[in-house]
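Notes for the one structure printed next.
The values are calculated or read from the model by the stated rules, or taken from the named source; none is laboratory data. Bear in mind the structure is a predicted one, so any value in this text is a computation, not a measurement. Counting neighbours? That spans all protein chains shown, and the Cβs are built from the backbone with ideal geometry, glycine included.
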Amino acid sequence: AQMSSSSPSGSGGDDLSERRGIPAAKFIQDVETYLSQSGFDSNSALAFHQERLQQYKVVEMKLLAQQRDLQAKIPDIEKCLEVVATLEARKGTGEVELGCALILTACFKTFSLKDLISMLACEIEHVVSQNIVLASLEESTETSLRVSLLADFEVSEGIYSRACIEDTDSVCLWLGANVMLEYSCEEATALLKNNLENAKASLEVLVADLQFLRDQVTVTQVTIARIYNFDVHQRRVNQVTPTAIAAADA
Amino acid sequence: MQLQGKSSGSEMEVTWQDQQNINTFSRFNNRFHELEDEIKFAKEKCDNLEDAGNELILADEEMVRFQIGEVFAHVPKDEVETRIEEMKEATCKTLEKLEQEKESLISQMAELKKVLYAKFKDSINLEED
């Protein structure tokens, strides 16, 4: 059914006549006037509004599906941001450890670990972070490179494997459509933040659309009830047995 | 919520204001149900974080596998403790805000019910089915 831009006598104080392709349901001030002006009789008016109601329901289903998709997408993007942030945070500490470890392997044969550390400690007094690293090196027995991050990830249902994620300046982002692109950490963070903002904005618009749609559904349901009531009233007044008219499912 | 189509059959005047009240009540009702779901979810999350925090205290390993995104990263216990504290605080604050919104919605809906029942009496049903 086409949206008619007619009969001001039928309309209430609508702010919008339509929103993003969804036609507004015109509010009817007076049923009798509406019926005589539009040329509808009760039955055809009811049928018209019932059909409108069905169309609204179809659109509502679509919007609800879109809303569910967006609501799933947003936590996903937030998780990705968290991972990138964690990798970036690790980066700093990794570099310092790397520096000390190299010196260590070069001197391994000549000095014991304890002697070497006290030598280094004397020379690098003011570097606080390196002292912390030296202290932890003292405790550990490994002289190999400390990796940035150890992570257990799911290979398949119930099966996990361990990954050593080294210091890295770049991450790969899955863009969809079988495309994965490498970005620097900063670019990745910027891109993900942008996507997150867009998703949140889309969700807001969608929620507003749904609210508008639900209002129109309510108006249509009320209109159907009123036309039905009017019809029953008319029949009583005209002393005709009311035929069974399908009432609206509210 | 229904507007009875079958009741008295009497001509009941419905003004634009009434229609707007009905629309608003419908919106509030929808939001109320959404809020109930969100509150349930937030409560669950809060409880889980609480349990995680308690488990952490009992655990004696230095490295804890902490879930970041889809993977479990090996993170030192202290850092995990801090992170869980932060997450708990954030979730509890969200939960509080949601509860407040729910309270205000309940009172607003009660107001509207009074107005609508006064006008329409039996012709309208605003209860949960």
Can you find a residue in the stretch B:39-60 that is closer than 30 Å to B:Val115 by Cα and either within 14 Å of chain A (Cβ to nearest Cβ) or part of a helix (DSSP H, G or I) (or both)? yes
Going through B:Ala110, B:Ala73 one at a time, which residue ends up being assigned to a helix (DSSP H, G or I) and either at pLDDT 95 or above or small (Gly, Ala, Ser) (or both)? B:Ala110
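Please find, among A:Gln2, A:Gln50, the residue that is out of contact with any Pro (no Cβ under 7 Å at 6 or more places or on another chain) and modelled with pLDDT of 85 or more. If you could, list the steps in order and put the result at the bottom.
Details: A:Gln2 fails: modelled with pLDDT of 85 or more.
Of A:Gln2, A:Gln50, the one residue that is out of contact with any Pro (no Cβ under 7 Å at 6 or more places or on another chain) and modelled with pLDDT of 85 or more is A:Gln50.
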The stretch A:42-62 residues that are touching a residue at least 60 places away in the same chain (Cβ under 8 Å), paired with ones that are hydroxyl-bearing (Ser, Thr, Tyr) (beta carbon under 6 Å, 6 or more apart): A:His49/A:Thr220; A:His49/A:Thr223; A:Arg52/A:Thr220; A:Leu53/A:Thr220
Hey, any hits in the stretch B:85-92 for a residue that's farther than 30 Å from A:Leu210 by Cβ and assigned to a strand (DSSP E or B)? no
Selection over the stretch B:12-26 where residues are at the interface with chain A (Cβ under 8 Å from one of its Cβ atoms) and in contact with a Lys or Arg (Cβ under 7 Å, 6 or more places away or on another chain) yields a count of 2
What's the total number of residues in the stretch A:169-214 that are outside any helix (DSSP H, G or I), more than 17 Å from A:Pro75 (Cβ to Cβ) and within 14 Å of chain B (Cβ to nearest Cβ)? 2
Which pairs do you get when a residue that is farther than 15 Å from A:Val217 by Cα, found in the stretch A:9-30, comes within reach of a residue that is of a type in the set (Ser, Thr, Tyr) and at pLDDT 85 or above, reach meaning Cβ atoms under 7 angstrom, with the pair 6+ apart or on two chains? A:Ser9/A:Thr33; A:Gly10/A:Tyr34
Unmet criterion (only one of (1) surrounded by fewer than 12 Cβ atoms within 10 Å (Cβ to Cβ); (2) over 18 Å from the mean Cα position of the chain (by Cα)) for B:Glu128: (2)
